[in-house]
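See below for the structure under consideration.
The values are calculated or read from the model by the stated rules, or taken from the named source; none is laboratory data. Please read these numbers as outputs of a predicted model, since none were measured by experiment. Here the Cβ positions follow ideal geometry from the backbone for every residue, glycine too, while neighbour counts run over all protein chains shown. Just the protein is used for accessible areas: all its heavy atoms, side chains included, with ligands, DNA and RNA removed. Shrake-Rupley method; radii C 1.70, N 1.55, O 1.52, S 1.80 Å.
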Amino acid sequence: MRIAIVVGHNARSQGAVRVTDGVSEFEWNGDLAEMVKECSPEHVRIFHRRADAGYTAQINRVYGEVDAWGADVSLELHFNAARKRAKGCETLSSGTSGSLLLARELQSATVADLPVRDRGVKLRPRGEGRGWRSLWAGKAPAVITEPYFGSNAGECAMADDFKEVLAETTFQAAWRAAEAIRNGRA
């Protein structure tokens, strides 16, 4: 099984910043990606967008690398940011059968293992909504994870307390989904 982890954003444009400590999506999720990889180093590879090109070129390049590696599934790590009281976990999917299976597996496992509100699986059809390109650029079924709100201090504390659990949950859910997809159950 090959599980690709794409760290959201890049070193120059690091995404949202947590209200509690000023840590960016890129930093926090880079650490989370390493923790997911530790679950099974031979089956997980981490990929990063490079800041040397525009957004579309970055996405096409990183998912081209994911394809060249032969990933069974791909997860792009992010966290949400909005109002101070916004909370919850959501997973974005392209809506294809493999992406939906992966998104549902990840979403249900995350809300079962972390004390977080279930905001559900959200679809991003081709060309629609933020993040759609990441879900459609590669061959492997892909999702975007948004396990908490970095704009909510309580959610930041929860995410830090449960970061190891989140890493293990993410790996296990991706493994189950990849196995099901390989066995034709998606």
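Sorting check: for 176-184, 25-33, which peptide has the highest mean count of neighbouring beta carbons within 10 Å, and how do the rest follow? Show your work: numbers first, answer last.
Numbers: 176-184: 16.1, 25-33: 21.4.
Peptide ranking by packing, descending: 25-33, 176-184.
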Reduced to Cα centres, the span from the range 64-110 to the range 28-43 in Å works out to 15
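Grab the alpha carbons of the range 1-45, take their convex hull, and tell me the volume per residue in Å³. Walk me through the numbers before you get to the answer.
Numbers: hull volume 2.9 nm³, N = 45.
Considering the Cα atoms of the range 1-45, their hull volume per residue is 65 Å³.
Report, in debye and to the nearest 20, how large the dipole of the range 24-99 comes out about its Cα centre when Lys and Arg carry +1 and Asp and Glu carry -1 on their Cβ. Can you show the working numbers first?
Working: 9 positive and 12 negative charges, 99 e Å.
Here the range 24-99 has a charge dipole of around 480 debye.
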In the chain, whole DSSP H helices that both stretch 27 Å or further along their axis by alpha carbon positions and average at least -0.5 on the Kyte-Doolittle scale are 163-182
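About its Cα centre, what dipole magnitude does the chain give when the only charges are +1 on Lys and Arg Cβ and -1 on Asp and Glu Cβ, stated in debye to the nearest 20?
Values: 25 positive and 24 negative charges, 166 e Å.
Using only the charged Cβ atoms, the result is roughly 800 debye.
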One quarter of the convex hull surface, Cα atoms only: what value does that give for the range 35-125 in nm²? 7.6
Carbon plus sulfur fraction of accessible area for the range 1-106, probe 1.4 Å, in percent: 47
Using the eigenvalues of the Cα gyration tensor, what equivalent ellipsoid semi-axes result for the range 1-82 when each is taken as the square root of five times the eigenvalue, whole Å, largest first? 22, 17, 9
The whole-number value in µm²/s of the Stokes-Einstein translational diffusion coefficient for the chain, with Rh from the Kirkwood sum over alpha carbon pairs at 20 °C and 1.002 mPa s, is 133
Positive end of the charge dipole of the chain (Lys, Arg +1 and Asp, Glu -1 on Cβ, about the Cα centre): tell me which of Ala4, Ile181, Ser97 has its Cα farthest that way. Ser97
What is the packing order of peptides 98-111, 119-132, taking the mean over residues of other C-beta atoms within 10 Å and listing the highest first? 98-111, 119-132
Positive-end residue of Leu77, Trp136, Leu106, charge dipole of the chain with Cβ unit charges: Trp136
Based on Cα coordinates alone, diagonalise the gyration tensor for the range 73-115, multiply each eigenvalue by 5, take square roots, and list the semi-axes in whole Å, largest first. 21, 13, 8
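Per residue, how much accessible area does the chain show when a 1.4 Å probe rolls over the protein heavy atoms, in square angstrom? It would help to have the intermediate numbers written out before the result.
Values: 8350 Å² over 186 residues.
It amounts to 45 Å² per residue over the chain.
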Based on a Kirkwood Rh over C-alpha pairs, give the Stokes-Einstein translational diffusion coefficient of the range 84-175 at 4 °C and viscosity 1.567 mPa s in µm²/s. 97
Percent relative contact order for the chain, counting Cα pairs under 8 Å at least six residues apart, stands at 29
